[in-house]
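Step one of this worksheet: look at the structure below.
The values are calculated or read from the model by the stated rules, or taken from the named source; none is laboratory data. In this text the structure is predicted, and so the values were computed from the model without any measurement. Heads up, the Cβs are rebuilt from the backbone with ideal geometry, glycines too, and the neighbour counts pull from every protein chain shown. With ligands, DNA and RNA removed, areas are computed over all heavy atoms of the protein, side chains included. Shrake-Rupley method; radii C 1.70, N 1.55, O 1.52, S 1.80 Å.
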Amino acid sequence: MTQKINKEELLGLAKELSELETRYQYQRIDFAFPDSGPYARTQYTKHMEFLEAGKDCFIRGFIAANRVGKSFLAGYEITCHLTGRYPKWWKGKKFKGPIKAWAAGVNTKQVSAAIQETLFGSYTDPGTGLIPKDCLTGDKGEVQIWAMPGV
């Protein structure tokens with residue numbers, strides 16, 4: 001059974017969809033590990049165990065196969081710590097104030113392809129990674145990302 005909607009309702013739905021799409025693009029972390037659905041955190045038991053272990057273990061390792069979300073998980077955790085935006089279900093370590101952190105890789109390619117893109121997103125559209133765009137901007141809305149030149 002179909003239901004007709006008027007033009008105003010259709011425009012309202014289009015506006016909501018556009019806002020949701022923008023939020024997904026620039027606040028990606030809010031959509032990670034949801035309560036339900038195909039990507040629900042219950043499907044990622046090892047990932048959740050790793051995050052929870054951070055409460056008691058200073059040093060941890062997540063050793064797993066390729067393409068299972070290791071970089072994403074590390075990016076997710078560091079983003080929570082850097083921004084202080086922990087989800088309600090978080091059981092791991094929580095910092096009470098701002099932190100300083102390093103993200104390093106074996107070589108420039110790894111840093112660029114995995115770490116930088118996971119955290120900051122596209123080079124041409126910073127803020128599309130896990131760190132929300134509003135955390136990367138200055139008072140005038142300009143994106144501010146500092147990088148240490150290669151050593």
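At-a-glance table
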read-out	value
Q3 versus D134: modelled label distance in nm, points set 7 Å from Cα along the beta carbon direction	3.1
Most positive-pole-ward Cα, G54, Y86, G37, against dipole of segment 13-97 from beta carbon charges	G54
Selection of GluC sites (Glu not before Pro), segment 22-91, meeting DSSP coil and at most 12 other Cβ within 10 Å	none
Carbon + sulfur, % of accessible area of the chain - ligands and nucleic acids excluded, 1.4 Å	56
Where labels lie 7 Å past Cα in the beta-carbon direction, separation of D125 and Q110 in nm	2.9
Extension gain (nm, one decimal) between L17 and S36, 0.36 nm per residue minus Cα-Cα	4.8 nm
Of (1) 1.07; (2) 1.03; (3) 1.23, the label for Cα Rg over 2.2 N^0.38 Å derived from the coordinates	(3)
Per residue, in Å², the accessible surface of the chain once ligands and nucleic acids are set aside, probe 1.4 Å	78
